Amino acid sequence: MKTAQDIIIAPVITEKSMSGISDKKYTFKVAKDANKYQIADAVEKLFKVDVAKVNTINVRGKARRMGRYEGYTASYKKAIVTLKPNSKPIEFFDGLL
């Protein structure tokens, strides 16, 4: 059984993900084998908030070159977590705005 720290790997901090914070939508990099129920449970345990829904995306690795060497960046799974309207915001993201 994975713990909440094993499921939620890191926050995704981009312009697009930061624009969703006003709508209580937070973006995280998550474990590839985690499902929506596990992600929602992990976010509720770690940040003590109420999750309304979870959308997941499998992000493919991009092709990259370094001189004559070619390869791919690592693929990962991304989750967009929407909180309930009466839930408090996640404090970690408040300091980034």
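Since every read-out is calculated from the coordinates, none of them should be taken as a lab result. In this text, all values refer to a predicted model and were calculated from it rather than measured experimentally. Note: ideal-geometry Cβ built from the backbone for every residue, glycine included; neighbour counts use all protein chains shown.
Straight-distance candidates among the aspartates and glutamates for linking to LYS29, with alpha-carbon spacing under 13 Å and chain neighbours fewer than 8 residues away dropped: ASP6.
Once Cα Rg over 2.2 N^0.38 Å is calculated for the structure shown, the corresponding label among (i) 1.19; (ii) 1.13; (iii) 1.73 turns out to be (i). Rounded to the nearest 10 degrees, the inclination of helix 36-47 to the longest alpha-carbon principal axis of the chain is 70 degrees. Taking each DSSP H run with n ≥ 4 as -39500 (n - 2.57) and averaging over every residue of the chain yields -6000 deg cm²/dmol at 222 nm. Simple point charges give the picture: +1 on the Cβ of Lys and Arg, -1 on the Cβ of Asp and Glu, and for the chain a dipole about the Cα centre of about 440 debye.
Which of the three applies to region 50-97, rounded, prolate or oblate, going by the alpha-carbon gyration tensor with a ≥ b ≥ c and a/c under 1.5 meaning rounded? In terms of gyration-tensor shape, oblate.
The ranking of TYR69, TYR76, TYR37 from fewest to most other beta carbons within 10 Å of each one's beta carbon is TYR69, TYR37, TYR76. Multiplying the residue separation of ASP94 and MET1 by 0.36 nm and removing their Cα-Cα distance gives an extension gain of 30.4 nm.
FRET efficiency for the pair TYR37 and ALA10, taken as 1/(1 + (r/R0)^6) with r the Cβ-Cβ distance and R0 = 30 Å, rounds to 0.90.
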